[in-house]
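Just so it is clear, none of the values below were taken in a lab; they were calculated from the coordinates. Small disclaimer: the values here were computed from a predicted structure and weren't measured. Methodologically, a virtual Cβ is constructed for each residue, glycine included, from the backbone with ideal geometry; neighbour enumeration extends over all protein chains shown.
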Amino acid sequence: MLFWIVVLTGSTLLPACTQEQSRLPSRTETGAAEQEAVSPPLFDSENAYRLIERQLSFGPRAPGLPGHDDCRRFLRQFLSQYADTVFEQRFSQEVYGKQLVLTNIGASFRPEHSTRILFCAHWDTRPFADEDPDPAKRTLPILGANDGASGTAVLLELARLMARTPPPIGVDILLVDGEDYGKATDLANFCLGSRYAARRYPFPVSPQWVIVVDLVGDREAWFPWEEYSWRSAPELLQEIWSLGSQIAPEKFRHTRYAPIFDDHVPFIEAGWRAVLIIDAELVGNQSPSIRRRYWHTHRDVIENISTESLHAVGQTLVNWLYRRAW
């Protein structure tokens with residue numbers, strides 16, 4: 001799914017630091033008082049949890065598996081109920097001697113607005129459990145309750161909310177494929193869908209910001225400022241974390257963390273400002289908690305997921321989207 005990069009600066013590994021929080025400007029302060037204020041809708045974390053279960057019902061969703069195609073159809077059908085426009089961005093790529101057919105799934109809301117943001121998550125799962133403690137299971141595909149399904153479920157629930165309560169700006173959702181296909185240390189074969197989308201952006205208008213969500217469902221999840229995100233859009237990080245720390249201060253921590261190669265990086269490299277919301281401690285199985293060391297293993301199952309973590313991330317994004325003075 002990801003490649004964890006350790007960066008040493010002198011003798012310090014990206015030390016934790018605290019930045020002064022920036023509050024969101026009011027509509028009056030920005031001269032936008034005439035805009036109609038819309039109360040942020042309530043993010044339904046129970047529904048998001050059910051959407052994870054629905055994805056898991058298809059089994060592993062790595063490219064080429066039956067569950068991959070079944071889940072693709074489900075995701076498109078679900079988004080078609082709520083979005084103004086839904087489409088598939090298909091492409092093929094040879095990886096490790098296999099010709100993969102990959103599909104990014106896009107959905108647009110308020111297409112008449114030129115001010116737009118992009119929410120992104122990967123919907124595929126890892127084709128092999130290379131971190132599993134049991135060597136006999138390392139070649140088998142994982143179920144991916146957190147690694148894939150959690151971020152996708154948050155964006156599906158956002159889509160349902162935006163259909164009922166139209167957002168104040170244009171919003172695009174992109175569920176990308178082939179994020180998790182690379183072997184350990186082989187960066188070239190990670191993030192295939194986001195790389196393709198960054199080269200051939202599938203929406204007609206470029207986003208002001210890109211927000212990627214990944215590994216957001218664990219019941220002890222916490223989210224630091226990932227380093228690539230900090231370099232790309234520190235003001236966006238502070239806006240989102242300021243709201244997140246009001247909802248779940250134990251989860252949204254104003255702490256710098258080592259860079260993680262994920263779906264936000266191809267967009268950053270293409271010139272967009274992008275941030276990643278991720279339970280970074282899971283990557284590379286760095287957590288001091290033994291239970292939480294299930295990244296890229298067969299223990300990435302629904303029992304690790306909590307509605308509290310899904311709510312923290314989902315409601316934070318909802319509040320940011322609807323309360324911000326655009």
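Summary of values
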| item | result |
| --- | --- |
| Summed side-chain charge close to residue 49 - residues other than residue 49 whose Cβ falls under 15 Å, Lys, Arg +1, Asp, Glu -1 | -3 |
| Cβ-placed point charges (K, R +1; D, E -1), dipole of the chain about Cα centre in debye, nearest 20 | 300 |
| Residue-span extension gain [residue 47 to residue 77] - 0.36 nm each, minus C-alpha spacing | 9.1 nm |
| Residues 91, 267, sorted so that the one with the fewest Cβ neighbours within 10 Å comes first | 91, 267 |
| Diffusion coefficient, µm² s⁻¹, Stokes-Einstein with Kirkwood Rh over alpha-carbon pairs of the stretch 269-326 at 25 °C and 0.890 mPa s | 174 |
| All lysines inside 21 Å of residue 183 as judged from Cα atoms, apart from same-chain residues fewer than 8 positions distant | 98, 137 |
| Inter-label distance, nm, simple model (7 Å from Cα along the C-beta direction), residue 269/residue 96 | 2.0 |
| Of the trypsin sites (Lys or Arg not before Pro) in the stretch 165-259, those whose Cβ has at most 15 other Cβ within 10 Å and which sit in DSSP loop | 183, 200, 219 |
| Full-stretch length increase - residue 113, residue 206 - with 0.36 nm per residue and alpha-carbon distance subtracted | 32.3 nm |
| Counting DSSP beta bridges with both ends in the chain, the antiparallel % (nearest 5) | 50 |
| For residue 233, distant residues with modelled amide H under 5 Å away | 274 |
| Total charge dipole magnitude, the stretch 216-326, about the Cα centre, Cβ charges on Lys, Arg, Asp, Glu only, Debye to nearest 20 | 180 |
| Taking only Cα atoms of the stretch 166-315, radius of gyration then Dmax in Å | 15.4, 45 |
| Vicinal HN-Hα couplings computed from phi for the stretch 287-298 (Karplus, 6.51 cos²θ - 1.76 cosθ + 1.60; Hz; Gly/Pro x) | 5, x, 8, 4, 4, 7, 8, 10, 4, 6, 10, 7 |
| Counted charge near residue 286, where neighbours are those whose Cβ lies closer than 12 Å (Asp, Glu -1; Lys, Arg +1) | -1 |
| In nm, spacing of pseudo-spin labels at residue 88 and residue 290 (7 Å Cα→C-beta vector) | 4.4 |
| Normalised per residue, the volume of the convex hull around the Cα set of the chain (Å³) | 129 |
| Helix-only [θ]222 nm of the chain, DSSP H runs n ≥ 4, -39500 (n - 2.57) each, per residue, nearest 500 | -8500 deg cm²/dmol |
| Under-5 Å amide H pairs with residue 182, H placed in peptide plane, nonlocal only | 190, 191 |
| Residues whose placed amide H lies under 5 Å from that of residue 122, excluding near-sequence neighbours | 176 |
| Hz values of 3J(HN,Hα) by residue in the stretch 115-124 - Karplus curve (6.51, -1.76, 1.60), Gly and Pro given as x | 7, 9, 10, 10, 9, 9, 8, 9, 10, 7 |
| 10 Å Cβ shell holding at most 14 others, DSSP loop, GluC sites (Glu not before Pro): longest site-free stretch of the chain | 113-249 |
| Backbone HN-Hα couplings from phi across the stretch 210-225 [Karplus 6.51/-1.76/1.60, Hz, Gly and Pro as x] | 10, 10, 9, 10, 7, 6, 10, x, 4, 5, 10, 4, 8, 10, x, 7 |
| Unit charges at the beta carbon, dipole of the chain: most positive-side option, 77, 133, 305 | 77 |
| Cα lying deepest toward the dipole's positive end in the stretch 94-166, options 121, 150, 163, charges on Cβ | 163 |
